[in-house]
Amino acid sequence: MTEAMITELAEISALRVISRTSVMQYKGGKKSLPEIARELHVDSVIEGSVLRSGEKVRIMAQLIQAVPERHLWAKSYDSDLRDVMAIQSQVARSVAGEIRVKLTVQEESRLQKSRSVNPDAHDAYLRGRYYRRKGALENLEKARQYFEQALDRDPLYAPAYAALADYYSVLPFYTNAKPDDVFPKAKPAGARALELDDSLAEAHASLAYIHTYYEWDWAAAEEEFHRSLQLNPNDAGVLHRYSRFLSSVGRIDEALREIRRAQEVDPLSQVAKANVGVIYYFARQYDSAIKPLNDVLKEDPTFDTAYWGLGLIYEQKGMPAEALAQMEKAAALSPDPNTMASLAHTYGVSGQKEKARKILGELEGQAKKESISGYQFALIYVGLGEKEKALAALERAFQERSTLLAYTKMDPRFDPIRSDMRFIDIQRRIGLPQ
């Protein structure tokens, strides 16, 4: 219910609504409401509770001004569980009215639309969302099972189709799934979701992801990102994804603007903070990239992406010892193929080629049992100075439709082969602007 209410309110463009990632960090804590509001930079907070008995549900909600602390509005709602989404819309309308924000015609229409749900389908969908957020392969599989269970209960339940599209489209980033095995399943699910409900922001976001990382249709991807953010301008996850899209095509200023927007609605997200550093890395503004990554590590010394980002930056700054120290920490925390390939690349450019070849051999052995992108091997070969093998590996990555090829335009590690006509041809076939 917390996530559902955040989504309802986030779709009101006149509001800035904090994402679940940041909000739930206060669950069970002892901080006062004014403290929470100050840390999240908000004026008001919604509190509430949900009681369920069989197919009946009671929702109690209250809107509280943070400073000075006072109740602005409170109400309870009793209904059948199948009408719970309509209640969420009523609460969103009441909050908007109480703080006197103006709804657009489209927002008013959406909030007034009567939406009934199958309680069992909705319950399975929410359980799937819970496991999707937890990440890790076993949790992703549980999420898929629940989404499919939701569709078994109600084959017309659009959010479950959108969730399945998201599940399939992120698999290559969380697992060794081949793009050709999962993206063709993601797109029909996203299209079906929009066929049932074109106002689902998450379905448009999934299609944007598919266009970016599998179809390399950059114009269609941007159109879907715009549509998703038009429907839900406060979705930190989509803002984050859009910033990565913009950085991949070289529009750095716009990428920084979107990741800053993501931070506004998800101020406690370490991923968003780290991505600021990665975008500066792509822009070759290395000194600007260091601070946000170090800030992440001050708050979470186990955040492997920050060490990885610092390793990339120190390598480009000509500081091999510092680069290796950071990359080795990243590999110790997360020895996945991407991190290990990056470590091997850093070993190669630092002159420790035997260590680079050792990792190369390990990844080659691993690739006989599971899918590892040619992109990873290309990185290692570039680090070793083996240009022909690097270009051949990139061609394999193209044939695999590797999601990682989206980053080749901006990643400085590919500079040694960037002027080669074969590299330029791969970029052309991907459709990345030169």
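Readers should treat all values here as calculations from the given coordinates under stated rules, not as data from a laboratory. Because the structure is predicted, anything quoted here is derived from the model rather than measured. Neighbour counts run over all protein chains shown; Cβ positions are idealised from the backbone, glycine included.
Arranged from fewest to most other beta-carbon atoms within 10 Å of their beta carbon, LEU312, LEU9 become LEU9, LEU312. Which of the listed residues, TYR242, LEU231, ILE252, is farthest toward the dipole's positive end in the range 192-299, when Lys, Arg count +1 and Asp, Glu count -1 at the beta-carbon? Toward the positive end, the furthest listed residue is ILE252. Relative to the longest principal axis of the Cα atoms of the chain, helix 119-134 runs at roughly 40 degrees. Is the range 118-224 best put as rounded, prolate or oblate by its Cα gyration tensor, with a ≥ b ≥ c the root eigenvalues, rounded for a/c under 1.5, and otherwise prolate when a/b is larger than b/c, oblate when not? Cα axes put the range 118-224 in the oblate bin. Using the average count of surrounding beta-carbon atoms within 10 Å as a protection proxy, the listed peptides 338-347, 93-102 rank, highest first, as 338-347, 93-102.
Which of TYR242, TYR407 has the fewest other C-beta atoms within 10 Å, and how do the rest follow up to the most?
The fewest-first ordering by Cβ neighbours comes to TYR407, TYR242.
Classify the range 234-334: rounded, prolate or oblate, from the alpha-carbon gyration tensor (a ≥ b ≥ c, eigenvalue square roots; a/c under 1.5 rounded; otherwise prolate if a/b is larger than b/c)? Please list the in-between numbers first.
Values: a/c = 2.29, a/b = 1.43, b/c = 1.60.
The shape class here is oblate.
Rounded to the nearest 20 debye, the dipole size of the range 118-224 about its Cα centre is 520 debye, using +1 on the Cβ of Lys and Arg and -1 on the Cβ of Asp and Glu.
Calculate the dipole size of the range 355-434 relative to its Cα centre from +1 charges on Lys and Arg beta carbons and -1 charges on Asp and Glu beta carbons; express the result in debye to the nearest 20. Provide the component values of the computation, followed by the final result.
On the way: 15 positive and 11 negative charges, 11 e Å.
Dipole magnitude for the range 355-434 comes out near 60 debye.
Pulled fully out, how much extra length does the chain show between ARG100 and ALA219, if you take 0.36 nm times their separation in residues and subtract their Cα-Cα distance? Before the final figure, lay out each step's value.
Numbers: separation 119, 0.36 × 119 = 42.84 nm, distance 3.71 nm.
So the extension gain works out to 39.1 nm.
Principal-axis analysis of the Cα atoms of the chain puts helix 236-248 at an angle of about 30° to the longest axis. With K and R counted +1 and D and E -1, the other residues having a Cβ less than 10 Å from that of GLY277 yield a net charge of +1.
Would you mind classifying the chain by shape? Square roots of the alpha carbon gyration tensor eigenvalues, ordered a ≥ b ≥ c; an a/c under 1.5 is rounded, otherwise it is prolate if a/b is larger than b/c and oblate if not. Walk me through the numbers on the way to the answer.
Details: a/c = 2.15, a/b = 1.71, b/c = 1.26.
Because a/c hits 1.5 or more and a/b exceeds b/c, the chain counts as prolate.
Given Cβ point charges of +1 (Lys, Arg) and -1 (Asp, Glu) and nothing else, what value in debye, to the nearest 20, does the dipole of the range 2-116 about its Cα centre take?
Values: 18 positive and 15 negative charges, 15 e Å.
Roughly 60 debye for the range 2-116.
Pairs exceeding 21 Å between alpha-carbon atoms, taken from LYS353/LYS389; LYS30/LYS291; LYS291/LYS355; LYS142/LYS369; LYS134/LYS409: LYS30/LYS291; LYS291/LYS355; LYS142/LYS369; LYS134/LYS409. Working note: 222 nm ellipticity from helices only, DSSP H runs with n ≥ 4, each -39,500 (n - 2.57), summed and divided by the residues of the chain, gives -20500 deg cm²/dmol to the nearest 500. Could you work out how far helix 158-174 tilts from the main Cα principal axis of the chain, as a 0 to 90 degree angle to the nearest 10? The angle comes out at about 20 degrees. Residues SER109, SER269, SER371, arranged from fewest to most other Cβ atoms within 10 angstrom of their Cβ, appear as SER109, SER371, SER269.
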